1. What number does the range 354-395 give for Rg over Rh if you use C-alpha atoms and the Kirkwood radius?
2. Expressed in nm to one decimal, what extension gain is obtained for the pair residue 603 and residue 65 from 0.36 nm per residue of sequence separation less their Cα-Cα distance?
3. Expressed in whole Å with the largest first, what are the equivalent ellipsoid semi-axes of the range 180-274 derived from the C-alpha gyration tensor as the square root of 5 times each eigenvalue?
4. Where nothing but the Cβ of Lys and Arg (+1) and of Asp and Glu (-1) is charged, how large is the charge dipole of the chain around its Cα centre, in debye to the nearest 20?
5. Under 16 Å from the 7 Å Cα→Cβ point of residue 79, by amide nitrogen: which residues of the range 408-441?
6. For the pair residue 799/residue 666, report the inter-label distance in nm, with labels modelled 7 Å from Cα in the Cβ direction.
7. Based solely on its DSSP helices, what 222 nm [θ] is calculated for the chain when runs of n ≥ 4 H residues each add -39,500 (n - 2.57) and the sum is averaged over all residues, nearest 500 deg cm²/dmol?
8. Apply 1/(1 + (r/R0)^6) to the Cβ-Cβ distance of residue 625 and residue 247, taking R0 = 60 Å, and write down the FRET efficiency to the nearest 0.05.
Amino acid sequence: MTSRIYLFALSVLFGFSLQAQTTQNIKGQVIDKDSKAPLIGATVRLTDVAGKGAISGEGGFFKIEDVEIGRHQLEFQYIGYEPVTIPNIEVTSGKEVYLPIEMVEIATDLGTITVSSTKRIGSYNDMATLSSRTFNAEEAERYPGSRQDPARMASNYAGVQGTDDSRNDIVVRGNSPLGLLWRFEGVDIPSPSHFSVAGTTGGPLSILNNKVIGHSDFMTGAFPSEYGNALSGVFDIKMRSGNRENYEHTAQFGFLGMELMSEGPLNKEKGSSYIATYRYSTLAAFKAINFALGTDAVPAYQDASFKLSFPNKHNGQFSVWGIGGLSDIDIVFSDDTVPTNDLYGENDRDQYFSTNMFVLGATHTAYFKNDWSSRITLANSGQEIVADHNFIVWDSAAAVNKILQLDTLYSVLRSRMYEGRSTLSIALNKKFSARSRLKLGLTGDLFYVNYLDSSRNEYIPNWERKLDAKEYSGMLRAYASHKYRLSTNLTMNSGIHLLYHSMSNEISIEPRLGFALKVSNRLNFSVAYGLHSRTQTMYTYYYKFTDSLSNPSNPTFDNHNKNIGLTKSHHLVGAADFIVNKLLRIKMEAYYQTLFNVPVEEQGGSYSLINQGSGFTRFFPNVLENTGTGKNMGVEMTVEKFFSNQFFFLASGSVFNSTYEGKDGETRNTDFNGNFMLNTLAGYEIPVGQKKNKSISFGAKFTWAGGRRYSPVDSAKTAADGIYVHFIDNQRNSLQFPDYMRLDFKLGFKINSKKATHELAIDLLNITNRQNLLTVVYANDPDNPGTKRLVEQPQLAFLPLFYYKVDF
């Protein structure tokens, strides 16, 4: 079946390539980086094609027509501004190229200035002094093993661990994934992943579609003051607007889904546009037509996104946008006749799991006289997670003969969890001069929860209702950020962030400060500090349990952690950035992070929330108090060759140590202390054909990381509980899984036909079929049906993922 699909796709590709269109348009907008005002009259020039260029007109928009298919370099110049060079622009026949360009005004009052052409290699957010990188959709598609997932793409960057094949959790510098902030169109959002478990920020598959992602930022430490309620990192996603002049579409079919994307003008005269995407699970579609897949545990999911953009007065824009996803899976073992394992389920129970997530918003931007601009966003988001578990009791007589025969199904979990948020965000931007810029912001969040969650041990008839709440809470944040060029080569970023959370009735005042020194056109140094805080996972405030320690004679069943405080962290980071030449960059960063006010169990022991937030299990600790601490320190290095001469590579490595202290005061490894991480990836592209309208691409990625920490299991307590695995407390994280290693390979073929671009690619994940370990669970013994034991769950085996895409 798969071979037939490839043969058909190749025949289509070659058939369409007979009459190839050799030109396409490059369009975009040029604006002032500080004021965001459009720059009219900027010169745009193709440096590799003589006499080809344009001048930006009204609104700063430009258009270069009839550019030959292939890769090109653009240079932007404007009187009084630093030139900007954008290399490696891929022009295809199926879609126009759109480039948003920001230019920096030269500060003439700083004395003699040497002006050189610059290329974007850092962050789009210029308030980010270091530990920040911009990315776009092309990177998510280019990197082998990324599965067109922005979160998995980020695991290629220094300091980021991506060693869980089953999920796209982002572990930054030894921190829990709970410390990550997801931001979309300027507002915080729930985990944008299918099958995301409550209390996590990741999942097996991203809802975000990289075809609509504009230039966005990923930050790993000491982030600017506009970002709050984050401890480890920030994923700041921007959604691009649709084509204002022409209709363009994309269709894609692959292992991970069937997709459609469309964009174009709503009103060409007014410049309004739309862009929309939809994806449906390929495996679920095959199951619907009774196509044999070899398993009933088929993940069904669908997601969509859209943005409507309307230009208005003051060179501003009003937009309405949204993303959302639905997903469900039934993992059923009770109909097995022989023992089996599943990457996403425990084999002692049938599991029925579904998740829904959405974000809807409207944004208005405006630019005024005197270099003021504003951005106002109103958004509403929600996430629902539903889980039902039925414990399997096998027939004991059949089990003697190692035959699986169902005796009874025993309900042990019924959970419905909904979390909603309404957000109003107001941001002001003021450019005082080429040296000075100020950003102010105010964000209010209203949270709503509706929880109903009951569970029981398979041996105990009574249910325990852990969650039963319908309540509101709030959070208010404000910030001020100031960028000031102290001299020609020295820039200071300073700011302050204020956070108030109604659950803990706590106010956090968080200073941020950074300096960037340009020693030469090739060498830069930077240093930054920040105090950051984070609220706890929402259901932590509401789950109920019996507290028999505080009042043994009259224990109460209540939500004893409703007023738990914020976790806080100091970040100190230093960086050196060496630009060897226009195409090669070496960057090193060293960081020191201390965490405090970490929730730990009041009763004592090693438990700490610092270890939570990954995997598919929830956590329900005892009474918590904010007395725990943590420490992360390390050194990172990145060597990157930007795409040129058909070749690119990116190598990143980090050596780090991540420890914590619980209530008992003992220093231990965190769950995420692998101690080292190495990623190396490279790609090569070969133009083929007389008109070079075709290309073959090769890519490879190798990952090597220290194994995750884990604890010896308390078999007696685990057997008595029957639901959750219990560990020997004083030996927590004293063991470590073997090193994680994975080699991925990607092969692609692209053809620019007369009016479309066709692409066929295959991603070969874990081509050596190495059995990395995922976790240890207490489940049915596959060798002795009817009994339970600790079972090691392996990670992803060799998996080929293909897709065929056409832009037209």
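The values are calculated or read from the model by the stated rules, or taken from the named source; none is laboratory data. Since we're looking at a predicted model, the values are computed, not measured. Glycine also receives a Cβ, built like all others from the backbone with ideal geometry; neighbour counts cover every protein chain displayed. Remember, those area values only see protein heavy atoms, side chains included, never the ligands or the DNA or RNA. Shrake-Rupley method; radii C 1.70, N 1.55, O 1.52, S 1.80 Å.
1. On the way: Rg = 22.7 Å, Rh = 14.8 Å.
My calculation puts Rg/Rh at 1.53.
2. Working: separation 538, 0.36 × 538 = 193.68 nm, distance 7.03 nm.
Value of the extension gain: 186.7 nm.
3. Working: eigenvalues 169, 79, 18 Å².
Result for the range 180-274: semi-axes of 29, 20, 10 Å.
4. On the way: 79 positive and 81 negative charges, 576 e Å.
Charge dipole, the chain, about its Cα centre: 2760 debye, nearest 20.
5. Under 16 Å, as judged by backbone N against the label point of residue 79, lies no residue of the range 408-441.
6. Simple spin-label model gives 3.6 nm for this pair.
7. Working: 6 runs with 45 residues, N = 808.
Mean residue ellipticity, 222 nm, calculated: -1500 deg cm²/dmol.
8. Details: r = 59 Å, r/R0 = 0.98.
Result of the calculation: an efficiency of 0.55.
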